[in-house]
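A short reminder: the numbers here are calculations on the coordinates, not readings from a lab. Here the structure is a predicted model, which is why all the values come from computation and not from measurement. Methodologically, a virtual Cβ is constructed for each residue, glycine included, from the backbone with ideal geometry; neighbour enumeration extends over all protein chains shown.
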Amino acid sequence: MKKRALALFMAVILTLQMTGCNTGTKEQDTTAENKTQSSIKDLFNSGRNDKEDGKEPADDERESAEDDKDTESGEREADGEDEDEEVRYQDDYYEFVNQNLLSKIELAPTDAHWDWFGELNAVVSGEMEEIIDELASDGKTYEKGSSEQKIKDMYECVTNIENRNETGLGPLKPHMDSIRNAGTIGEYVDALAHLSGEFGFSSIVGGYSIMQDKADSSEYAVYMMYADTLIGKEYIEGENTQEYVDMYLEYINDMLMEFGMTANEAAQSTDSIEALLRDICASTLTTEQMYDPAVTYNVYTQQDLQKLYTNVDIPRMLKTLKIDGQDKYIVMDVEQAKKINSLLVEENLQALKDYSTFVMLNDTAKYADAAYAKLSDDMKNALYGITESWGDEKTWKNLTQDMLPWDFGMIYVKEHFSAEDKEAVEKMIGQILKEYEAIISRQEWMSDATKQKAIRKLETMQVKIGYPDQWPAARDMMQVTPISEGGSLLSNLLVSMQVSIDDSLNKLGTKVDRSEWDVTPQTINAMYDPLNNEIIFPAAILQAPFYDSDNSDGANLGGIGFVIAHEVSHAFDSSGALYDEYGNYNVWWTDEEMAEYKKMSQSIIDYYSNYEMMGTKVNGDLTLMENIADLGAMTCITSIIGDDAKALDEAFGQMTYNWASEDTASFMMYLLNTDTHSPNKVRVNAVLSSCDAFYKIYDIKETDKMYVAPEDRVGIWK
Ligand SMILES: [Zn+2]
């Protein structure tokens with residue numbers, strides 16, 4: 001289920017920071033496990049440039065950096081007391097602004113990462129945990145189908161380990177048996193199709209997702225998804241990642257032994273799974289290619305699909321998946337599909353069965369009995385450099401929240417949404433869209449006709465703020481059966497997966513309702529969805545340090561303003577620019593303009609590829625879209641502010657502060673390999689070094705490390 005959700009996100013929505021899935025935000029949750037709102041406030045105050053407050057010297061220093069340029073003092077340093085760690089803003093603006101804050105952040109052994117997103121997420125999560133505690137201990141019975149009943153009964157299923165151990169693979173057991181007992185490739189594909197068709201598990205063949213049709217975003221279409229590549233292509237093929245791959249292979253081995261294989265069998269199976277995995281990854285698209293509709297939007301008829309999968313009975317498989325009879329099927333990764341077809345031969349049967357056995361165990365590990373859950377948890381911790389587990393209670397409460405996202409969302413917005421904040425943010429969105437129009441109008445490389453189309457895209461951009469008027473149908477469809485009525489964590493998980501499939505199948509053949517929300521209001525993130533040409537700001541992002549009604553306009557422009565402008569920029573990043581105002585994949589640029597765009601993109605790729613973190617270079621290709629969005633956002637914010645040096649200083653400071661982060665070395669490795677965003681420090685320093693306004697208000701000399709010559713500064717939207 002998790003993989004499916006991830007695949008869906010990757011296919012469309014572009015975010016402000018890396019999306020949750022089974023990796024990012026979970027680790028962040030624990031950051032402030034026991035932090036209260038007041039300790040969060042302490043952190044806010046620890047590095048913030050608020051002139052009214054009494055503050056520590058380092059705050060003053062950064063805050064008045066603007067004044068300093070007049071004094072021609074190129075010698076400004078952070079603070080006298082820490083002479084070993086003197087940082088000049090001219091050399092490393094990010095460190096200069098954040099050193100005070102980051103000196104107070106110590107990653108707990110349960111954490112891989114700290115940033116404001118995780119910090120706020122921990123607060124949201126803490127509030128939801130209190131609700132769970134209350135419901136778990138109030139001794140009341142709630143109406144069937146109410147959020148209270150669902151949360152209460154789900155938490156009981158999650159925490160009753162005896163019940164989980166008794167359930168084992170439960171309703172999945174017959175499916176697992178069909179895979180294990182398959183005597184031919186035909187029987188194997190059949191077993192996978194039943195599993196995928198019924199529950200939507202990721203699969204080596206037959207995994208699908210129903211999403212908006214990129215060619216006509218008012219309709220839904222069936223996308224044939226790529227196979228689960230486990231630890232992923234980037235790790236499998238990376239130069240510095242083989243130790244992590246070895247660790248993952250050990251995890252596969254342990255899971256198979258837990259499943260009942262002997263040490264010999266497990267070792268042999270792990271070897272053959274590794275061979276298959278490396279073979280498949282060699283024919284799998286890179287992450288950045290997956291965002292390119294020119295690469296992933298491949299229309300096939302059922303007949304074409306049969307020609308692609310010569311070793312599969314396609315009509316039979318599609319019927320089992322309940323997606324037969326469609327005019328078109330969109331194959332996202334054609335080369336991978338060809339490779340997998342070539343692997344679907346009798347001599348690989350055992351290896352394929354082992355592969356799918358592991359994928360199924362891995363997908364259900366969190367929900368299954370304690371032994372599988374622990375193996376999965378240990379592997380994840382090792383992958384991200386976490387040295388201590390959260391402990392059962394925290395894990396269980398998070399799992400309960402994951403299982404019922406919209407029920408928790410409804411509770412969240414009841415207490416956390418201010419109409420005034422919404423209004424203030426709407427006003428700023430209007431200001432940013434207007435400024436973007438001016439930015440587009442001044443581009444000399446674009447024809448008037450193309451500018452008109454770009455402006456039309458801005459004018460028609462849909463804005464979603466806070467939470468949906470209508471809660472998603474899937475919330476009502478999802479019912480929780482308590483243990484007393486025969487339910488278990490696994491059976492309820494399977495119900496949620498069936499709900500997701502039924503919800504998708506119900507939509508197929510209907511017109512897209514663009515008012516629907518895919519993102520819960522308690523999500524600390526923001527998004528642009530090119531298929532709806534819309535920007536989304538869930539309720540939870542509208543809070544400090546991103547937005548604060550007490551802040552100056554300059555600081556809020558550097559805070560939530562930068563966030564908004566980043567999302568608007570996605571409409572014109574290297575992927576978003578390929579969709580028109582209706583959200584259809586439709587190239588509306590001339591060939592000359594496209595060539596110019598690509599030339600500027602290449603400069604951005606080269607520019608970011610020069611930055612490194614912990615000795616590893618940033619992948620300029622992987623991070624291109626997000627870097628374009630960051631650079632465009634900074635142009636927009638500084639254009640709005642104009643020549644007001646104080647406001648510029650506040651905006652630069654707030655933006656830098658909001659992107660403060662700490663990571664374990666392993667988590668940084670994970671980000672560098674898989675995250676489409678540059679590491680936070682690079683997001684700040686690379687953008688500022690390319691921003692002309694930055695040089696106007698600060699005294700940056702050619703010999704300073706932040707200095708980049710005017711002709712080497714990059715960006716599409718300048
Ligand atoms: Zn983004």
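Overview of values
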| item | result |
| --- | --- |
| Simple label model, 7 Å out from Cα along Cβ direction - residue 587 to residue 515, nm | 3.7 nm |
| Efficiency of FRET from Cβ geometry, residue 473 and residue 427, R₀ 30 Å, rounded to 0.05 | 0.40 |
| For residue 613, residues with placed amide H under 5 Å, excluding near neighbours | 618 |
| Prolate/oblate/rounded label for region 187-367 (Cα gyration tensor, a/c 1.5) | prolate |
| Whole-Hz couplings from phi, Karplus 6.51/-1.76/1.60, listed for region 327-342; x for Gly and Pro | 5, 9, 10, 9, 8, 7, 10, 5, 5, 5, 4, 4, 4, 5, 4, 5 |
| Phi-based couplings in Hz for region 147-153 (Karplus 6.51, -1.76, 1.60; Gly and Pro marked x) | 4, 4, 4, 5, 5, 4, 6 |
| Mean separation of Cα contacts under 8 Å (6+ apart) over length of region 432-525, as relative contact order % | 29 percent |
| Gain on full stretching of the segment that runs from residue 394 to residue 417 - 0.36 nm per residue minus C-alpha separation | 5.7 nm |
| Rounded if a/c under 1.5, otherwise prolate or oblate - region 128-220, Cα gyration tensor axes | oblate |
| Peptide ranges 296-302, 252-258 listed from the most packed, as the mean C-beta count within 10 angstrom indicates | 252-258, 296-302 |
| Residue 203 long-range amide H proximity, modeled H, under 5 Å | 228 |
| Relative contact order of the chain, pairs being alpha-carbon contacts under 8 Å that are 6 or more residues apart, as % | 21 percent |
| Residue-by-residue Karplus 3J(HN,Hα) for region 544-551, coefficients 6.51, -1.76, 1.60, Hz, glycine and proline x | 5, x, 6, 10, 8, 5, 7, 6 |
| Mean Cβ count within 10 Å, highest first, over the residues of peptides 531-539, 616-624 | 531-539, 616-624 |
| Share antiparallel - DSSP beta bridges, region 187-367, percent rounded to 5 | 75 percent |
| Residues listed by number, region 566-580, amide nitrogen under 11 Å from residue 443 label point at 7 Å toward C-beta | 571-574, 577-578 |
| Taking region 187-367 and dividing mean pair separation by its residue count, relative contact order in percent (alpha carbons under 8 Å, at least six apart) | 29 percent |
| CD proxy at 222 nm, helix term only [per DSSP H run n ≥ 4: -39500 (n - 2.57); per residue of the chain; nearest 500] | -16500 deg cm²/dmol |
| Listed peptides 554-561, 135-142 by packing density, highest first (mean Cβ within 10 Å) | 554-561, 135-142 |
| Antiparallel %, DSSP beta bridges [both residues in the chain], to 5 | 70 percent |
| Label-point separation, residue 451 to residue 279 (7 Å along Cα→Cβ), nm | 5.6 nm |
| 5 angstrom amide H check on residue 534, placed H, neighbours 5+ away | 462, 529 |
| Extension gain from residue 612 to residue 181, taking 0.36 nm per residue of separation minus the Cα-Cα distance | 150.2 nm |
